[in-house]
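Student: So that we are looking at the same thing, I have put the structure below in structure tokens.
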Amino acid sequence: MGERLMRSGYALSGAVRPDPAELLHYRKVSALRRAAHARRRMLDHLVRVREPGPVASIAM
């Protein structure tokens, strides 16, 4: 990615590459957050699907 940045005219900061343990921690946290977001969207979808429609609410 550094080469692409340099070709586009950006200067690199000179920072060193993160440790493998830090990358692993980042990926783990990222996966957990993505899973939580997907779970929340799925539950919201199920709640919306299970809502009674206008006809069902009138018949009650």
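Student: Roughly how many nanometres apart are two label points built 7 Å out from the Cα toward the Cβ at R7 and H45?
Tutor: Between R7 and H45, the simple spin-label model gives 3.7 nm.
Student: Which ³J(HN,Hα) values, rounded to whole Hz and listed in residue order, are derived for the stretch 13-29 from phi using the Karplus coefficients 6.51, -1.76 and 1.60 in 6.51 cos²θ - 1.76 cosθ + 1.60 with θ = phi - 60°, glycine and proline given as x?
Tutor: These are the phi-based 3J(HN,Hα) values: 7, x, 5, 7, 5, x, 5, x, 5, 5, 5, 5, 4, 4, 5, 5, 5 Hz.
Student: Also, I was wondering about something else. Counting pairs of Cα atoms in the stretch 17-59, how many percent are more than 18 Å apart?
Tutor: Of all Cα-Cα distances in the stretch 17-59, 56 percent exceed 18 Å.
No value in this document is a laboratory result; all are computed from the given coordinates. What you see is a predicted model; the values in this text were computed from it and never measured. Because the Cβ atoms are built from the backbone with ideal geometry, glycine has one as well, and the counts that use them run over all protein chains shown.
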